[in-house]
Amino acid sequence: MTSKTLTAPAVALGTWAWGDSGEVGDGYFGSQLTESGLREVVEKAQSNGFTLWDTAVVYGMGHSETVLAQALKGYARSEYQLSTKFTPQVAGDGDDPVADMLEQSLDRMGTDYVDLYWIHNPADVARWTPLLIPLLRSGRIKHVGVSNHNMKEIALADQILGEAGFRVEAVQNHYSLLYRSSERAGILEHCRRHDLPFFSYMVLEQGALTGRYGPAHPLPEGSSRAAVYNGILPQLQALTDRMGAIGEDRGASAADVATAWAIAKGTTPIIGVTKAGYIDGLVRARGIELADEEIAELEALADAADVDTRGSWEHDM
């Protein structure tokens with residue numbers, strides 16, 4: 001059995017954008033990142049108690065893991081938690097593709113274990129889940145999570161691990177004011193009932209819910225997210241305006257309110273951090289208590305926007 005259950009923080013830190021090379025037009029986010037800038041992000045996050053870092057092999061095909069390890073240099077391994085992923089879609093064809101991919105991740109991150117290891121997408125639950133068991137036994141991974149899995153797939157993964165005395169210890173799905181499929185499918189309720197941390201990603205919909213963008217200020221041209229979101233920014237205006245107003249009463253931003261909403265729903269949001277200033281927002285979000293009527297109002301405005309932000313990699317929950 002794993003020694004202790006996974007402790008989920010209030011907010012986890014996402015490094016999807018860290019996989020961008022920083023060259024304009026190269027990478028999903030169109031972010032300009034520097035080593036010193038990311039080091040500053042890490043120092044500020046760590047000193048504010050945000051110590052779980054979420055990455056994946058496919059974020060820049062290893063680049064994000066490498067950059068993250070560089071930024072964490074000098075911190076004792078016990079001072080932070082690493083979360084990375086096995087992605088079946090890029091599995092090698094060796095005897096044990098899961099162990100192989102994990103070894104490469106450990107190597108890039110300069111560590112001999114991962115705190116939380118995810119099966120990124122449910123290509124074939126019965127095929128990939130059993131390969132996690134020897135890695136749990138050896139301590140190379142401490143806890144297992146499943147990402148982008150529906151209820152049936154979560155249950156099957158849990159059953160396979162359960163036969164070996166382990167369990168699925170976390171679920172990570174796309175979940176935001178605009179995309180609540182995990183809630184509608186009963187996955188959030190399942191997690192609450194079984195004391196299972198639910199990590200929500202794309203809570204800010206890649207910037208579209210930060211209030212920083214709108215029809216007059218679209219997302220950076222040439223980035224993949226611009227292609228996905230710029231066309232729907234007009235529909236989001238009423239929602240982001242209301243989030244801004246709720247935030248203003250508390251000295252916070254619309255983005256902080258979106259994050260606070262995800263926390264209020266009992267989830268751990270994974271927020272992408274590329275600038276040290278973003279950490280101030282997470283500190284604010286952690287302290288915001290939204291009233292039930294504010295939550296209901298935001299959800300009604302989100303439903304009225306009537307947009308579908310499901311990622312191309314996601315299937316129905």
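The values are calculated or read from the model by the stated rules, or taken from the named source; none is laboratory data. A quick note: this is a predicted structure, and the numbers were derived from the prediction, not measured. Every residue, glycine as well, gets a Cβ built from its backbone with ideal geometry; the counts of neighbours run over all protein chains shown. All accessible areas refer to the heavy atoms of the entire protein, side chains included, with ligands and DNA or RNA removed. Shrake-Rupley method; radii C 1.70, N 1.55, O 1.52, S 1.80 Å.
State whether the residues of region 81-88 include one that is over 25 Å from THR268 (Cα atoms) and either at pLDDT 95 or above or open to solvent by 50 Å² or more (accessible area, probe 1.4 Å) (or both). No, there is no match, as no residue in region 81-88 is over 25 Å from THR268 (Cα atoms) and either at pLDDT 95 or above or open to solvent by 50 Å² or more (accessible area, probe 1.4 Å) (or both).
Residue count for region 233-250, restricted to those that are of a type outside the set (Lys, Arg) and open to solvent by 30 Å² or more (accessible area, probe 1.4 Å): 8.
In region 108-125, the qualifying residues are those that are part of a helix (DSSP H, G or I) and open to solvent by less than 60 Å² (accessible area, probe 1.4 Å), and the one that is nearest to HIS63 (Cα to Cα) is MET109. Evaluated against (1) without any contact (Cβ under 8 Å) to a residue 40 or more places away in the chain; (2) of a type in the set (Gly, Ala, Ser); (3) open to solvent by less than 10 Å² (accessible area, probe 1.4 Å), SER105 falls short on exactly one condition, (1). Candidates are the residues of region 211-220 that are surrounded by fewer than 22 Cβ atoms within 10 Å (Cβ to Cβ), of a type outside the set (D, E, K, R) and more than 12 Å from ILE232 (Cβ to Cβ); the one that is farthest from the chain's Cα centre (by Cα) is ALA216. Can you work out which of the residues in region 92-101 that are more than 20 Å from the chain's Cα centre (by Cα) and touching a residue at least 12 places away in the same chain (Cβ under 8 Å) is most open to solvent (accessible area, probe 1.4 Å)? Taking the candidates together, the pick is ASP96.
Residues are listed down the side, and each one gets a yes or a no for (1) crowded, with 22+ Cβ neighbours inside 10 Å; (2) without any contact (Cβ under 8 Å) to a residue 40 or more places away in the chain:
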site: ALA260; (1), (2): yes, yes
site: ALA264; (1), (2): no, yes
site: PRO269; (1), (2): yes, no
site: ILE279; (1), (2): yes, no
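Within 29 Å of GLY311 (Cα to Cα) and either over 21 Å from the mean Cα position of the chain (by Cα) or open to solvent by 20 Å² or more (accessible area, probe 1.4 Å) (or both), is that true of ALA71? Taking the combined requirement at face value, the residue does not satisfy it. Hey, any hits in region 99-115 for a residue that's of a type in the set (Lys, Arg), within 22 Å of THR5 (Cα to Cα) and at pLDDT 90 or above? The answer is no, given that none of the residues of region 99-115 is of a type in the set (Lys, Arg), within 22 Å of THR5 (Cα to Cα) and at pLDDT 90 or above.
Of the residues making up region 221-232, those that are open to solvent by 10 Å² or more (accessible area, probe 1.4 Å), assigned to a helix (DSSP H, G or I) and not aliphatic (A, V, I, L, M) are SER224, ARG225, ASN230, GLY231.
For region 245-280, the candidate set comprises residues that are among the hydroxyl-bearing types (Ser, Thr, Tyr) and not in a helix (DSSP H, G or I); within that set, the residue that is nearest to TRP18 (Cα to Cα) is THR274. Picking from residues in region 167-194 that are of a type in the set (D, E, K, R) and touching a residue at least 40 places away in the same chain (Cβ under 8 Å), the one that is farthest from GLY14 (Cα to Cα) is ARG184.
Within region 33-53, being over 17 Å from GLY281 (Cβ atoms) and acidic (Asp, Glu) holds for one residue alone: GLU35.
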